[in-house]
Amino acid sequence: MQANNQKIVVLGTGGTIAGESHSEQEALTYQAAQRSVEDLLQAVAGQSNVLPKALHSFKIETEQVSQIDSKDMNFAIWHQLAIRCNHWLSQSDVQAVVITHGTDTLEETAYFLSQVIQRNKPIVLTCAMRPANFKDADGPQNMRDALNTASQLSGHGVWLVAAGEIHQSQYVQKVHPTRLNAFDSGEWGAAGTICDDEIRWLANSSALQKVQHSNAPFDILELPAPNEWPWVEVLMNHVETNPKLIQSLQAAGVRGLVVAGTGNASVSQVMKEALLEAQSKGVEIRLASRCLQGPVVQTANHAFKTTSELNPSKARVALVLDVLSKTQSHKC
Ligand code: SIN
């Protein structure tokens, strides 16, 4: 049996899970980030007198890291969040960290943490699509499932638990603006499901954890202050692309560009020429796909590096870290 001095730490960042609307009937017009993470935890206990069995032997501690709508997430909060994850996961009595987060940029935060936290323990993000005072709020159940999952996972890995599903940070993305199960991992599928507190892994979880290992050549403690992190933008290839946007960004000092290319990460001829020009002036270029599913397959036709399974917003996180690591190694 688990000794009961083990802890799960819940870090609050805001989002709809902590949101409030004017009435319990109102699902879409509300203010995100109104309730504290401690209140959210109380709502889980209030939902039922009995917590999942796996949680009985854990103490649960909370910390409010930020209180924002995740559309406003920024590097400074990421830095702080990663420092707090690192702090808690380095304690021998902490089993895992759970993070409450808005759904809108959750996949970016999850991927970022998977790349900068080197601790061999899990991080589980959770969220909600309905505000906390909505009549059928999904937050308490999602939080319960996230805590339950966090109590049973081991090893490095960053996961999302929501709507009865467990997803890996690398593959998951928000695919729907309003429905309750707003997340999907495309052709990789969910890693597992949770129903009535029972976790069912759909794939071998230790194999999944290996997939999630960090490629970052530095950890969070080595990152410079967030105001020194590089400016990286995402552009899209579409009909009638205009090279002036790339030229203006390069002139304004952008350090990296991720292109959400068409199909298997293709870009128009005019865009390719403008990107080659920007690259020759030191801008790092990566090609992702604007398609919703499937990895990009690098071919001889690609003039720039492609980003495999990372969608454009995660490819941007990877490029920020890439540029940072190059800047860091030049300083050494
Ligand atoms: C947010 O991302 O903070 C607001 C939207 C949500 O959590 O669903």
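The values are calculated or read from the model by the stated rules, or taken from the named source; none is laboratory data. As the structure is a prediction and not an experimental result, all values here were calculated from the model. Counting neighbours? That spans all protein chains shown, and the Cβs are built from the backbone with ideal geometry, glycine included. Note: accessible area is taken over every heavy atom of the protein model, side chains too, but ligands, DNA and RNA are not part of it. Shrake-Rupley method; radii C 1.70, N 1.55, O 1.52, S 1.80 Å.
Label 7 Å along Cα→Cβ of Asp219; region 86-101 residues with amide nitrogen under 20 Å? Only 86-99 fall inside the zone, counting backbone N under 20 Å.
Summing +1 for each Lys or Arg and -1 for each Asp or Glu among the other residues whose beta-carbon sits under 9 angstrom from that of Leu89 gives +2. Rounding to the nearest 10 and keeping the result within 0 to 90°, find how far the Cα-based axis of helix 75-89 lies from the longest principal axis of the chain. Taking the Cα atoms of the chain, the angle to 75-89 is about 50 degrees.
In this structure, Thr299 and Asn181 have a Cβ-Cβ separation that, at R0 = 35 Å, corresponds to a calculated FRET efficiency of about 0.55. Of His79, His302, His167, the residue with the greatest mean-square motion in the GNM of the chain, using alpha carbon springs below 10 Å, is His302. The residues of the chain have, on average, 45 Å² of accessible surface per residue, using a 1.4 Å probe with all protein chains present. Compute the helix-to-body angle for 269-280: its Cα long axis versus the longest principal axis of the chain, expressed 0 to 90° and rounded to tens. Approximately 90 degrees, to the nearest ten. Each of Asn301, Thr262, Gln250 was scored by the projection of its Cα onto the charge dipole of region 246-332, and the greatest displacement toward the positive side belongs to Gln250; charges sit on the C-beta of Lys, Arg, Asp and Glu.
Amide H to amide H distances under 5 Å link Glu165 with Ile194, where only residues 5 or more positions off or on other chains count and H is placed in the peptide plane. Take the Cα of Ser57, go 7 Å toward its beta carbon, and the backbone nitrogen atoms of region 74-110 under 18 Å from that spot belong to 92-97. Ordered by 1.4 Å accessible area with all protein chains kept, Tyr111, Tyr171 run largest first as Tyr171, Tyr111. Helix content alone sets the calculated 222 nm mean residue ellipticity of the chain: runs of n ≥ 4 DSSP H residues at -39500 (n - 2.57) each, divided across all residues, give -9500 deg cm²/dmol. Would you calculate the separation in nanometres between label points at Glu198 and Ser329, each defined as 7 Å from the Cα along the Cα-to-beta-carbon direction? With each label point 7 Å from Cα toward Cβ, the separation is 4.9 nm. Largest to smallest in accessible area, the residues Glu240, Glu26 fall in the order Glu240, Glu26 (1.4 Å probe, all protein chains included).
Computed over the chain with a Gaussian network model linking Cα atoms closer than 10 Å, the most mobile of Val239, Val116, Val158 is Val239.
For Arg316, Arg119, Arg200, Arg290, the ranking by accessible surface with the largest value first comes to Arg200, Arg290, Arg119, Arg316, using a 1.4 Å probe. Counting only protein heavy atoms and a probe of 1.4 Å, the accessible surface of region 284-330 is 52% carbon and sulfur. Once you've got the Cα coordinates, tell me which of Lys53/Lys121; Lys7/Lys314; Lys272/Lys314; Lys135/Lys174 are over 28 Å apart. As for pairs spanning more than 28 Å Cα to Cα, those are Lys7/Lys314. For the chain, DSSP calls about 30 percent of its internal beta bridges antiparallel. Annotation: extensible slack from Gln279 through Lys71 equals 71.9 nm (criterion: 0.36 nm per residue apart, minus Cα-Cα distance). Between helix 106-116 and the chain there is an angle of about 80 degrees, using the helix long axis and the longest principal axis of the Cα atoms.
A straight Cα-to-Cα reach below 19 Å connects Lys59 with the aspartates and glutamates Glu38, Asp39, Asp93, Asp145, Asp197, residues fewer than 8 places away in its own chain not being considered. Here the Gaussian network model covers the chain, with springs between Cα atoms less than 10 Å apart; of Asp72, Asp145, Asp104, Asp72 fluctuates the most.
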